[in-house]
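S.K.: One structure coming up, written as structure tokens, with questions to follow.
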Amino acid sequence: MRRRVAPYFLLGPGAAWLLLFFVVPLYYLGELSLNSGVFGSYEFSWHWANYSDALRLYDTQFVRSFLYAGLATLFALLLAYPLAYTIAFKAGRWRNVLLFAVVAPFFTTYLIRTLAWETILSDQSPVVSVLDALGLAPEGHVLATAGAVIAGLTYNFLPFMVLPIYASLERLDVRLIEAGKDLYASATQTFFRVTLPLSAPGVVAGTLLTFIPASGDYVNAQFLGSANNQMIGNVIQSLYLKQSDYPAAAALSFVLMALILILVLVYIRFAGSEALMGEEAAG
Amino acid sequence: MSGRGGNAWRWLREHAVSIVGVLVVLYMLIPIAVIFGFSFNDPAGRYNFTWVGFTFSHWSNAFGIPELNEALLTSLKLAVLATVISTAIGTLMALALVRYEFFGRRAANFLIVIPMATPEVVMGSALLSFFLLIGTFSLGFETLLIAHVMFCISFVVVVVRSRLIGFDRYLEEAAKDLGASGIQTFRLVTLPLIMPGIFGAAMLAFALSIDDFVISNFNSGTTVTFPLYIFGAAQRGIPVEVNVIAMILFFFTVTAMGFATWQQRRAEKMTSVRPEQESTIAVPAGAPAAT
């Protein structure tokens, strides 16, 4: 009998906290999104028009958010995989040093890191002169362009991509790679038919951990972009905190969450779910 | 192949992946170097964006801006409290999930995953809606603490759970065979062995809390944390002291990380006294001393 109730006691406080301060607030977000009226006298009235207005007025920002986040995720994957591979198979005794370097950016404040990119990409910076010389910086500047925002997103969420890929490569059975070589597969064939498929859970987890926060982000667009690079997070933040248009902001938040949930579910259907749910099978 | 014969070319080809890997690492460290470098800058105006000249004055004046100190203090207090609470209840949740089969386990797993799969801007605005509509909480330190504990819990559970999954249950059985009670076993065997996991989880919670901007931005009221101070200052020019404090925090966390790694090594030494799988049941005489 004691064993029956024990897990519920252990689970209780945390589950209660998450229910009360995560699930219940989502209900209130939904309620607020159906309010109508002007600031100071919002009333609940099943005002579904908030949703159609939200989508009609801010469809560009929605599309832009998913585009930027998608590109940032792709670039992060291209950068993260070689790095994770190096750490897992080539680093030897440097492994811990490299792992430390991957998480090091977390130890400096997110905002300051983004502001550092503002410095690096500012018009006077040597980096921009080099990019300009290579023809990669049209009109001699990078800051306040889509490229800068995407670069910032890529940078800020890169560790979230590296760590899960590293984790799945690290526990990969090296004998399988050797078997591939024994069977006369070339290095490229071995990589695409053995290593990559076996590291898929890490890639799936990494893309989700990068894409989800990136699509809701507004810090990078705020500091590195211009008015033409505003993402949906910027709109929600500004409607909520500057214009006090709570119902519209709540509706946008809800739509953002729903869209991300749909994208994630579709993605998981294709890519497998073990990675996200972190079931014990993975361990 | 075009580069035949060139030793350098062959070396490059063989190490191509590692070279890219190292370049990516350097890319990840660039901003930290910039933050460090610009903490010695002596900017001409209010904006610390272009290099003017070298000075130590901002390091000697690190704590010379009262509002910045206050924000930092608020952040530290908040992070410590959020870490203690979320680590405690998150560890209990992880124990429940790994050690027991029970009705609702899948639902509990889902409840833990879903906050990690929700963009911060949604969590922030949902919590603000909740606080605005129920009206019992006044926005400030209290609501910040609620929010920070909420988003830390899931990460704590994930970290501690991974440590528990790799846990050798035979060590607990050995303790029980040697006459330890359930509570003694937990206190003397289980807890010390999962301590590195708990410590790692606590460090992660601390880092998440002290760094959080988005959710705090929604639920802070007039309370200012370190990231909120930076955001506010960004419009009118950020004082160089911000870089200095960011670097102090950085070195502080690095030291804590070093300590955590050392702890981890110690725990691994403790577990390594168990016999290798091949040698089956025979327990060497030294094993119980591990507890």
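S.K.: Sketch the reach of a paramagnetic label on A:VAL23 as a point 7 Å from Cα along Cα-to-Cβ, and name the residues of the stretch B:199-227 whose backbone nitrogen lies under 18 Å away.
M.R.: Under cut-off, by backbone N: nothing.
S.K.: Contour minus end-to-end for A:TYR184 and A:LYS90, with contour as 0.36 nm per residue of separation and end-to-end as the Cα-Cα distance?
M.R.: Working: separation 94, 0.36 × 94 = 33.84 nm, distance 2.20 nm.
Working it through step by step, the gained length comes to 31.6 nm.
S.K.: Sticking with this structure for a sec: I'd like to know which of B:ALA33, B:SER209, B:ILE146 lies farthest towards the positive end of the charge dipole of chain B, counting +1 on Cβ of Lys and Arg and -1 on Cβ of Asp and Glu.
M.R.: Comparing the listed Cα positions along the dipole, B:ALA33 ranks first.
S.K.: Quick check for me: using +1 on Lys/Arg Cβ and -1 on Asp/Glu Cβ, what's the dipole size of chain A about its Cα centre, in debye to the nearest 20? List each step's numbers first, then the result.
M.R.: Working: 15 positive and 17 negative charges, 194 e Å.
That gives a dipole near 940 debye.
S.K.: How many nm separate the modelled label positions at A:VAL63 and B:PHE252, each set 7 Å beyond the Cα in the direction of the Cβ?
M.R.: Result for the modelled spin labels: 4.6 nm.
S.K.: Can you give the FRET efficiency for B:ALA88 and B:GLU173, using 1/(1 + (r/R0)^6), R0 = 30 Å, r = Cβ-Cβ distance, to the nearest 0.05?
M.R.: Rounded to the nearest 0.05, the efficiency is 0.70.
S.K.: Which of the aspartates and glutamates could be linked to B:LYS77 by a straight reach, that is with a Cα gap under 19 Å, when you skip same-chain ones fewer than 8 residues away?
M.R.: Reachable aspartates and glutamates: B:GLU67, B:GLU142, B:ASP211, B:ASP212.
S.K.: Would you give the gap between the C-alpha center of the stretch A:163-178 and the C-alpha center of the stretch A:1-72, rounded to a whole Å?
M.R.: About 37 Å separates the Cα centre of the stretch A:163-178 from the one of the stretch A:1-72.
S.K.: With a cut-off of 17 Å, note down the residues of the stretch A:143-163 whose backbone N falls inside the zone around a label point 7 Å from the Cα of A:ASN228 toward its beta carbon.
M.R.: A:143-151
S.K.: Between the DSSP loop rule and a limit of at most 12 other Cβ atoms within 10 Å, which chymotrypsin sites (Phe, Trp or Tyr not before Pro) in the stretch A:1-93 are left? It would help to have the intermediate numbers written out before the result.
M.R.: Details: sites: A:TYR8, A:PHE9, A:TRP17, A:PHE21, A:PHE22, A:TYR27, A:TYR28, A:PHE39, A:TYR42, A:PHE44, A:TRP46, A:TRP48, A:TYR51, A:TYR58, A:PHE62, A:PHE66, A:TYR68, A:PHE75, A:TYR85, A:PHE89; in loops: A:PHE39, A:TYR42, A:TRP46, A:TRP48.
Those that pass, being in a loop and sparsely packed, are A:PHE39, A:TRP46, A:TRP48.
S.K.: Right, next: Assuming R0 = 51 Å, what is the FRET efficiency of B:ALA33 and B:THR136, from their Cβ-Cβ distance, to the nearest 0.05? Please list the in-between numbers first.
M.R.: On the way: r = 47 Å, r/R0 = 0.92.
So, using R0 = 51 Å, E works out to roughly 0.65.
S.K.: Given points 7 Å out from each Cα along the Cα-Cβ axis, report the B:PHE110 to A:PHE39 separation in nanometres with one decimal.
M.R.: Once both label points are built, they end up 3.9 nm from each other.
S.K.: Chymotrypsin sites (Phe, Trp or Tyr not before Pro), restricted to the stretch B:99-169: which are DSSP loop and have at most 12 other Cβ atoms within 10 Å?
M.R.: Details: sites: B:TYR100, B:PHE102, B:PHE103, B:PHE110, B:PHE130, B:PHE131, B:PHE137, B:PHE141, B:PHE151, B:PHE155, B:PHE167; in loops: B:TYR100, B:PHE102, B:PHE103, B:PHE137, B:PHE167.
Answer by residue number: B:PHE103.
S.K.: Using the Kyte-Doolittle scale, find the helices of chain B whose mean hydropathy is at least 1.0 and whose Cα atoms extend 30 Å or more along the helix's long axis, counting only whole DSSP H runs. Don't skip to the end; give the middle numbers.
M.R.: Values: long enough: B:16-38 (33 Å, 2.66); B:66-99 (49 Å, 1.27); B:141-165 (35 Å, 1.87); B:241-271 (45 Å, 0.48).
Membrane-span-like by this criterion, though nothing is claimed about a membrane: B:16-38, B:66-99, B:141-165.
Every number here is computed from the coordinates shown, using simple stated rules; none is lab data. In this text, all values refer to a predicted model and were calculated from it rather than measured experimentally. Cβ atoms come from the backbone with ideal geometry, glycine included; neighbour counts cover every protein chain shown.
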